[in-house]
1. Under the condition of being part of a loop (DSSP other than H, G, I, E, B) and among the β-branched types (Val, Ile, Thr), which residue from the range 77-125 is nearest to Asp17 (Cα to Cα)?
2. Out of Ala174, Ala155, which single residue is outside the structural domain of Ser50 (by TED's automatic domain parsing), closer than 19 Å to Pro107 by Cα and touching a helix residue (DSSP H, G or I) at 6+ places or on another chain (Cβ under 7 Å)?
3. Among the residues of the range 142-192, write down those that are in a helix (DSSP H, G or I) and polar (S, T, N, Q).
4. Looking only at the range 44-86, how many residues end up being more than 27 Å from Ile159 (Cα to Cα), of a type outside the set (S, T, N, Q) and buried (at least 17 other Cβ atoms within 10 Å of the Cβ)?
5. Can you find even one residue in the range 128-136 that is outside any loop (DSSP other than H, G, I, E, B) and either in contact (Cβ under 8 Å) with a residue 40 or more places away in the chain or not assigned by TED's automatic domain parsing to the domain that holds Pro68 (or both)?
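The values are calculated or read from the model by the stated rules, or taken from the named source; none is laboratory data. The model shown is predicted, which means the values in this text are computed figures rather than measured ones. Neighbour counts are summed over all protein chains in view; Cβ atoms, including those assigned to glycine, are modelled from backbone coordinates with ideal geometry.
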Amino acid sequence: MIVLSEKVLTALKAAFDDRDRLAAGWVPPAELWVHAPVLHRWFQGPDPVSGTMAIFGLSDGVKRRSDPVVAMETGPGGIGWARTLSGWHRLAMAKDEAHASGRHLVPAEAREIEIAARRAGYKAPCHSLQPSGPLVLDSVWEKVARHFETTSEDAETAIAVFYARLRDVGLKEARMMVGGWMAAREFDLEIV
């Protein structure tokens, strides 16, 4: 288990506190994001390390990727702002003009999942490792487990984080599902 620095914990807390205030209807004052870096021709996609949503775009003509996004608000053409785990970004013109305008927030339980992911040393598996079936029936889960056993500090927590994000469930439910499956793998129990 990785011990997170006070600086990292403070940044995570600030980002998710902003997310919670935004969920309650708070409108961030312009001075929070007006001097933030601008991403042009932006689009959303999975962060290659965390697997969470990030924003990709051009900043001063250079391709950039934001930290994971906890909240964003955009209008026509994709103009707006995004709150990431590390701060604010201004968004100028989406790459896809048909993007979904409005306010978008990660679920409230994302806070607990993000902290667990960081403590476990989570590194997202490649896109081909996307199981679609239940833990006991889909053989891709075994490949996912091997990925986390070789790349993370705490494989069981990393698999639970992956499960929670994939199935859109809370970390507690994901830990229960994964814990039983991991025990069955360890003891080579036949599941009927």
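1. This residue is Val106.
2. Details: Ala155 fails: closer than 19 Å to Pro107 by Cα.
When all the criteria are applied, what remains is Ala174.
3. Thr150, Thr151, Thr157 - these are the residues of the range 142-192 that are in a helix (DSSP H, G or I) and polar (S, T, N, Q).
4. Within the range 44-86, the subset more than 27 Å from Ile159 (Cα to Cα) is 57-64, 72-82.
From what is left, the residues that are of a type outside the set (S, T, N, Q) are 57-58, 60-64, 72-73, 75-82.
Okay, now just the ones that are also buried (at least 17 other Cβ atoms within 10 Å of the Cβ), so 57, 64, 72-73, 78, 80-82.
Total satisfying the criteria: 8.
5. No; the residues of the range 128-136 include none that is outside any loop (DSSP other than H, G, I, E, B) and either in contact (Cβ under 8 Å) with a residue 40 or more places away in the chain or not assigned by TED's automatic domain parsing to the domain that holds Pro68 (or both).
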